[in-house]
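**Student:** Got a structure here, written out as structure tokens. Questions coming.
What follows draws every value from the coordinates through simple rules; no lab data is involved. Computed from a predicted model, the values in this text were never measured in an experiment. Heads up, the Cβs are rebuilt from the backbone with ideal geometry, glycines too, and the neighbour counts pull from every protein chain shown.
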Amino acid sequence: MRRFNGVRVAALAAVVLGACLTAVPAAQAHDRQPPPGIGNCTATACHFDVPPGDYDVTVRLGGAAASSTSISGETRRSLLPETAAAAGRHVTRGFTVNVRTPEGEPTGPDGTPGLDLTIGGSAPALADIRVTPSPRHTRQIFLVGDSTVCDQPADPYSGWGQQLPQFLRKGVAVANYADSGESTVTYLQNPQLWDTVQQLIRPGDLVLIQLAHNDKTTDEATYRANLETLVAGVREKGGRPVLVTPIVRRWFNADGTLNNDIALLVNGLGVNHPEVIRWVAAAEDVPLIDLTAKTKALVESLGVEGSKALYLYNEKKDNTHTSAYGATVYAGLVRDELLAQHLVPRGTVRAG
């Protein structure tokens, strides 16, 4: 998504859809008039010509026939899970979406300007959609991570951070700054990554940090110090750091367990990444989401065959990266921990 000249548009962008789902823009600007043609929809997609920022989206779903609608947006982010409406009935749902440049991975292509939404589901029916700039107090959840977290650009790949927004209601924005191939070393070194994220953190924002998969040659002292640097950098801006241990690799022992270095991310130098993360979380009094333990338990419970669907084994013989299904399941585990540890208010989280 290319950058826009001009200030953030503090305006109401409303679209009322007719039978052909043609949008009719209606806006009232405070500082400037919004760009012309601010919103329009077809039967399968909507576009809003807005600059980067957080936007609240309210949709009214349903119609004469029974319907079931889901919404995704930007770089394949799941924003609203499939939602049913009975024949002749309507349901209203809301979510908040982060519009940024680049719109997907921070080191990837810019993407397309504005906010783009895709209307999906088994029987989609979008009756109305309204987009407004989010208030300044909107909660933000920043994600710092690697390819298992990021907004993956193409099927069949999906990071858990790409699926997390569908579990959150309007009022919480997920800003996914995870990037493929990054370690704690490279994330801190690249100004497109940590320097960019740190400048955006506002007091009270959550910053979830999951970096381990690519720290294959990072020694323990450096790895620990890098995590401490990230934690200190979040706190410097008034944010709330949350350390997340990495998802397991689907690498079974003969006895059906994952108790091996490959599965549990112990690198070639013997650095046990999850254990170091747990240690830093305890030492720095930082909330910990032990995704290693949770994904290990789940994968082992599903077994060699049942766990294939979580990863891209069937498509790519890949036991590290998740399918859209697996990423959604793992995002649900993160959602559960955000609730259990009271990191987000219960009212802002959508049930599974």
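**Student:** Going by a ≥ b ≥ c, the root eigenvalues of the Cα gyration tensor, does the range 80-237 fall in the rounded group (a/c under 1.5), the prolate group (a/b larger than b/c) or the oblate group? Don't skip to the end; give the middle numbers.
**Tutor:** Values: a/c = 2.42, a/b = 1.87, b/c = 1.29.
Prolate is the answer for the range 80-237, as a/c is 1.5 or above and a/b outweighs b/c.
**Student:** Taking K and R as +1 and D and E as -1, what net charge do the other residues with C-beta under 12 Å from the C-beta of Pro345 add up to? Each step should come with its number before you reach the end.
**Tutor:** On the way: positive: Arg139, Arg169, Arg346; negative: none.
Surrounding charge for Pro345 is +3.
**Student:** Less than 9 Å Cβ to Cβ from Asp179, Lys/Arg counted +1 and Asp/Glu -1: what total charge do the surrounding residues give? Can you show the working numbers first?
**Tutor:** Working: positive: none; negative: Glu105, Asp146, Glu182.
That works out to -3.
**Student:** Between the range 274-295 and the range 104-158, how many Å separate their Cα centres?
**Tutor:** For the range 274-295 versus the range 104-158, the Cα centre distance is 28 Å.
**Student:** Just the ratio, please: alpha-carbon radius of gyration of the chain over 2.2 N^0.38 Å, N its number of residues.
**Tutor:** 1.01
**Student:** Can you list residues whose amide H is under 5 Å from Tyr311's amide H, if they're 5+ apart or on another chain and H is modeled 1.01 Å from N?
**Tutor:** Ser323
**Student:** Would you kindly state how much longer the chain becomes between Asp285 and Asp255 on full extension, computed as 0.36 nm times their sequence separation minus their alpha carbon distance, in nm to one decimal?
**Tutor:** On the way: separation 30, 0.36 × 30 = 10.80 nm, distance 3.63 nm.
Answer, rounded to one decimal: 7.2 nm.
**Student:** What does the convex hull of the Cα atoms of the range 173-213 come to per residue, in Å³, rounded to a whole number? Please report the intermediate quantities before stating the final value.
**Tutor:** Details: hull volume 3.1 nm³, N = 41.
Dividing the Cα hull volume of the range 173-213 by its residue count gives 75 Å³.
**Student:** In deg cm²/dmol and to the nearest 500, what is the mean residue ellipticity at 222 nm of the chain if only DSSP H runs of at least 4 residues count, each as -39500 (n - 2.57), divided by the residue total? All intermediate terms of the calculation are to be shown ahead of the outcome.
**Tutor:** Values: 8 runs with 81 residues, N = 352.
For the chain, the value works out to -7000 deg cm²/dmol.
**Student:** Moving on to the next point. How many Lys pairs in the chain lie less than 26 angstrom apart by Cα atoms, where the lysines are 8 or more positions apart or on different chains?
**Tutor:** Total qualifying Lys-Lys pairs in the chain comes to 14.
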